Amino acid sequence: MDQGDRDSDTEIRPEAAEQPTPTPPDRPAPPDRPTPPDQLTPAPPDRRRKAVVAALMLAMALAALDSTIVSTAVPQIVGDLGGFSVFSWLFSGYLLAVTVTLPVYGKLSDTFGRKPVLITGAVVFLAGSLLCSVAWSMGALIAFRVVQGLGGGALQGTVQTLAADLYPLKERPKIQSKLSTVWAVSAVAGPGVGGLLAAYAGWRWIFLVNLPVGAVALWLIVRHLHEPQRTRTSRPRIDWAGALAVFACGGVLITALVQGGVAWDWLSAPSMALFATGLGLAGVVVAIERRAAEPIIPGWVWRRRTIAAVNLALGALGLLMVAPSVFLPTYAQSVLGLAPVAAGFVLSVWTLSWPVSAALSQHVYRRIGFRNTAMIGIGAATLILFAFPFLPYPGAAWQPMVLMLLLGAALGLFQLPLIVGVQSTVGWEERGVTTASVLFCRQTGQTIGASVFGAVANGVLASRLGGASDLDSVTRGLDAGAVPEATRRAIADAVHAVYLGAGVAAAVAFLVLLFLAPRRFPVLKEQ
């Protein structure tokens, strides 16, 4: 039995609890192990910490907004720059850059500290925003969106890691729930903000508005974040070969997932070539990382039960979140007949219950543990997702809203205990890699979910309508008011199938926690 299975969440564990050869509690740390910062200097003053937290919330808001803010401005952008056939890369390019750089930035933050990585990421993100605002063609705009994403990866990963550095275990739910609230509200508000800016100020202001907000966040970080010096016995070595291999492998595989079924058929030559290349590059990554002295993706990330289980569970979370966030607005407009603003409100109600549930989850996991709390949350989410197909047709708007309110509460109870718990099982020098691996798996799950559930929805539509119909073309027809009742029922069936798939993903996450995660997370000692 894993030693963590026999210990409570609040019991002090030696820092190497999950290492293959653990150090006994009464033995000093090896000389080449960096001393955690909280053992070198006292915690920063509360005023300084609040300033840093404000900067983290601004950075998180920027990263979340830019993942969705462009969507409603596409007509204006295409009308100005052209390139309608490739505009989807405005989203895919940003997502690709953010996802594949998360592991790299996580390792760099453990090696050189959070502050230089966060500052570098913010500068790259703001430079990409400025370049996007002066783009002269669709190709240039897509390239500059990739630059934005290269900075956005540093913002996402380092912000979550710093939040754990700044607060002890008992206070982390507060900051994590704040960041969850900022992320959810910003992501949901993104399309509306983008539409307003495009309509009244011009689409270039979608990117220019990042500059003053990002400058304030950058100034707060530079002025108020002071990381203590860490002792080192050797010069840090950067695994550049591993970083390049990770970037290439992730880029190829995510491109295959994003474009499969859209730009080409899943079983077409381009799709097969990309997947084969991605798998080959995955083998290259494994070979390089095994020989690297300081690998970008260390093997212990997957050898430790706690981290591996959380990675897989949050990967499933990313997958299941696609069902409401992508398909529910279409369902609300097409089946319920709501206006776009009202349809957005049906989705946004889960941003009300999610952070509240996350903030209150600490009172649960302190009694029954991180794993059991998360299992209650994802178990409830499974039932809610499976209940969606049983809603009456066409139904009333309040019915899916109630389900979304409950789903947000369930997922808040699921996600935050896992993030707080897994960050508490590693020391400072491993927290960046651990946090990045969690975010990478969640982001990859969303990418896979968008591809898989898109294929499921289109397949159901084609079978119900007896042709090669897809969700995009059908919803465009609905806007024109020329689609019969049978099509609305087909859309309802397609979204129901997607929710069933999301329920299966939630059930998989439950089973992962049940059979893979230790019953009690091995929490480390905090000074």
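When restricted to residues that are within 22 Å of the chain's Cα centre (by Cα) and closer than 20 Å to Val301 by Cβ, the range 396-428 contains 12. Under 18 Å from Ala380 (Cα atoms), of a type in the set (Val, Ile, Thr) and assigned by TED's automatic domain parsing to the domain that holds Leu461, is that true of Val504? The answer is yes for Val504. Close contacts from the range 253-280, counting a first residue that is under 16 Å from Ser88 (Cβ atoms) and a second that is among the aromatic types (Phe, Trp, Tyr) and part of a loop (DSSP other than H, G, I, E, B), with Cβ to Cβ under 6 Å and a gap of 6+ residues or different chains, come to Gly260/Trp266.
Within the range 392-414, being small (Gly, Ala, Ser) and part of a helix (DSSP H, G or I) holds for Gly408, Ala409, Ala410, Gly412.
Here the condition is being modelled with pLDDT under 90, in contact with a strand residue (DSSP E or B) (Cβ under 9 Å, 6 or more places away or on another chain) and crowded, with 18+ Cβ neighbours inside 10 Å; of Val483, Val474, Val426, Val433, it holds for Val426 alone.
Within the range 187-227, the set of residues being of a type in the set (Lys, Arg) and either more than 23 Å from Ala55 (Cβ to Cβ) or in the same structural domain as Ser348 (by TED's automatic domain parsing) (or both) comprises Arg204 only.
Close Cβ contacts (under 6 Å, 6 or more residues apart or on different chains) running from residues in the range 494-520 that are farther than 22 Å from Ile368 by Cβ to residues that are surrounded by fewer than 24 Cβ atoms within 10 Å (Cβ to Cβ) and among the acidic types (Asp, Glu) are absent. Has the range 302-316 got any residue that is at pLDDT below 85 and of a type in the set (Gly, Ala, Ser)? No, the range 302-316 contains no residue that is at pLDDT below 85 and of a type in the set (Gly, Ala, Ser). Taking every residue in the range 79-99 that is under 29 Å from Val246 (Cα atoms) and pairing it with any residue that is surrounded by 18 or more Cβ atoms within 10 Å (Cβ to Cβ) and of a type in the set (Asp, Glu), at least 6 positions away or on another chain, the pairs with Cβ-Cβ distances below 7 Å are Tyr94/Asp66. Within the range 50-92, the set of residues being closer than 19 Å to Ser348 by Cα and either part of a helix (DSSP H, G or I) or in contact with a Pro (Cβ under 8 Å, 6 or more places away or on another chain) (or both) comprises Met60, Ala61, Leu62, Ala63, Ala64, Leu65, Asp66, Ser67, Thr68, Ile69, Ser71, Thr72. When you scan the range 152-261 for helices (runs of 4 or more DSSP H) that lie fully inside it, which ones turn up with 1 or more residues that are surrounded by fewer than 16 Cβ atoms within 10 Å (Cβ to Cβ) and not hydroxyl-bearing (Ser, Thr, Tyr)? Of the helices (runs of 4 or more DSSP H) lying wholly inside the range 152-261, those with at least 1 residues that are surrounded by fewer than 16 Cβ atoms within 10 Å (Cβ to Cβ) and not hydroxyl-bearing (Ser, Thr, Tyr) span 172-200, 210-224, 240-259.
The values are calculated or read from the model by the stated rules, or taken from the named source; none is laboratory data. Everything numeric in this text was worked out from a predicted model, so none of it was measured. Please note: Cβ atoms are built from the backbone with ideal geometry, for glycine as well, and neighbour counts cover all protein chains shown.
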